[in-house]
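K.L.:
Quick one: this structure, given as C-alpha cells, is what I'll be asking you about.
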Amino acid sequence: MMTDILYRYKNQVYFNITNKCPCSCTFCIRNTGDSVGEASNLWFEHEPSLEEIFKAIEEYDFNGCTEVVFCGYGEPTMALENLKAVSEYMRARYPYKIRLNTNGLSDLIHKRSTAEEICAAVDCVSISLNMPDAKSYTEVVRPAYGEKAFDAMLKFAVDCKKHLEDVRFTVVDVIGEENVRKSQELADSLGIPLRVRAYSK
Ligand code: SF4
C-alpha cells in the first residue's frame, strides 16, 4: 500500500515525516486506526528519506492550503534534521505558515536544548500538555523517559516562548473539567495559551 507523507485536512496540509515516537499515549491514533483525513495509510515500511519527502512535496497540489503542519503518526522531532530541511525547502517555495505539533520531548530525544533551532524552523509550536501534573501525564502519555518527561516538556515550552510568539499548549476535553481547569492554571502560570480540543475518534 502507498504511504502518505503529505495529506490534507481542510485547508491544512499535514506532513507525516516519521512513525517514530518515544511515547505510547493511551489515546494515540497510532493505537486506534491507520488513517486520518484523506490519508489512506500513514504507516511507513521505512522512514521516509529527505529525497522522498521533497518528491512528495513536488508532486503535491497545495492549492487552497493556508498552513502546513508537521504532525502525523509519530513525533516529528524524532526526525529533527529532516524537519528543519523540509521547512527550509517549503519556505523557499511557498508562503504558508508552518506549525509543529509536538509532544514537547525533543530535548530528551536529542539530549540537548532544541527550542531555538526548532523555533527558527517553524512559525508556531503546539505542544501536547495532555495532563496538568507529572503523575497523570506519565500515566496517559507513557513516555520512555518516565516522570521526568513532564518537566522537560514544560521547560521546552517555556524555552520556545523565548524564541517564538506563537507557542501553545493543547489538551483534549475528555480529560474532564477539573483537569482542563488545572491545565489552564498551569498554562497561565507559564504565560502560554492553552487550546482545549474536542476529542474526535
Ligand atoms: S506523542 Fe503523539 S505520536 Fe507519540 S504516542 Fe503520543 S499521541 Fe502518539
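K.L.:
Once phi is turned into ³J(HN,Hα) by the Karplus curve 6.51 cos²θ - 1.76 cosθ + 1.60 with θ = phi - 60°, what whole-Hz value does each residue of region 60-68 show in order, with x for glycine and proline?
P.N.:
Using θ = phi - 60°, the values come out as 8, 8, 7, 3, x, 6, 10, 8, 10 Hz.
K.L.:
If you don't mind, there's one more thing I want to ask. Please express the shape of region 68-143 as an equivalent ellipsoid: the semi-axes are the square roots of 5 times the eigenvalues of the C-alpha gyration tensor, given largest first in whole angstrom. Mind dumping the intermediate values first?
P.N.:
Details: eigenvalues 124, 33, 20 Å².
The three semi-axes for region 68-143 are 25, 13, 10 Å.
K.L.:
What ranking do C21, C124, C28 get, fewest neighbouring Cβ atoms within 10 angstrom at the top?
P.N.:
C28, C124, C21
K.L.:
To the nearest 10 degrees, how steep is helix 148-163 against the longest Cα principal axis of the chain, on a 0 to 90 scale?
P.N.:
70
K.L.:
Now for a different question. For the chain, what class follows from the C-alpha gyration tensor (a ≥ b ≥ c being the square roots of its eigenvalues): rounded when a/c is under 1.5, otherwise prolate if a/b is larger than b/c, else oblate? Intermediate values should be presented prior to the final figure.
P.N.:
Details: a/c = 1.62, a/b = 1.42, b/c = 1.14.
In terms of gyration-tensor shape, prolate.
K.L.:
Still on this structure, I have one more. Which ³J(HN,Hα) values, rounded to whole Hz and listed in residue order, are derived for region 169-181 from phi using the Karplus coefficients 6.51, -1.76 and 1.60 in 6.51 cos²θ - 1.76 cosθ + 1.60 with θ = phi - 60°, glycine and proline given as x?
P.N.:
9, 10, 9, 9, 4, 5, 6, x, 4, 5, 5, 5, 4
K.L.:
Enter the angle in degrees (range 0 to 90, nearest 10) between the Cα long axis of helix 80-93 and the first principal axis of the Cα atoms of the chain, meaning the one along which they spread out most.
P.N.:
Rounded to the nearest ten degrees, it is 60.
K.L.:
To test your reading of the geometry: what angle, between 0 and 90 degrees and rounded to tens, separates the Cα axis of helix 50-59 from the longest principal axis of the chain?
P.N.:
It is inclined by approximately 70 degrees.
K.L.:
Which entries in the list K20/K182; K84/K162; K10/K162; K135/K182 go over 23 Å, if you measure between the two C-alpha atoms of each? Please list the in-between numbers first.
P.N.:
On the way: K20/K182 30 Å; K84/K162 19 Å; K10/K162 31 Å; K135/K182 14 Å.
From K20/K182; K84/K162; K10/K162; K135/K182, over 23 Å: K20/K182; K10/K162.
K.L.:
Averaging over every viewing direction, what projected area does the convex hull of the Cα atoms of region 155-201 cover, in nm²? Write down the numbers at each step before the final one.
P.N.:
Values: hull surface 14.2 nm².
Projected area, direction-averaged: 3.5 nm².
K.L.:
Using the beta-carbon distance between R197 and H110 and R0 = 35 Å, what value does 1/(1 + (r/R0)^6) give for FRET efficiency, to the nearest 0.05? Could you put the intermediate results ahead of the total?
P.N.:
Details: r = 27 Å, r/R0 = 0.77.
E between R197 and H110, to the nearest 0.05, is 0.85.
K.L.:
So between L50 and C28, what do we pick up on full extension, going 0.36 nm a residue minus the alpha carbon distance? Intermediate values should be presented prior to the final figure.
P.N.:
On the way: separation 22, 0.36 × 22 = 7.92 nm, distance 2.55 nm.
Separation in residues times 0.36 nm, less the Cα-Cα distance, equals 5.4 nm.
K.L.:
Counting only residues 5 or more places away or on other chains, whose amide H sits under 5 Å from the amide H of Y14 once H atoms are built in the peptide plane?
P.N.:
Y7, R8, Y9, V69
K.L.:
Please identify the cysteines of the chain that lack any partner cysteine with a Cβ under 4.7 Å from their own Cβ.
P.N.:
Cys with no partner Cβ under 4.7 Å: C21, C23, C65, C71, C119, C124, C160.
Here, each number is a calculation from the coordinates, and none is a lab measurement. Just so you know, these numbers come straight off a predicted model, no measurement behind them. Neighbour counts are summed over all protein chains in view; Cβ atoms, including those assigned to glycine, are modelled from backbone coordinates with ideal geometry.
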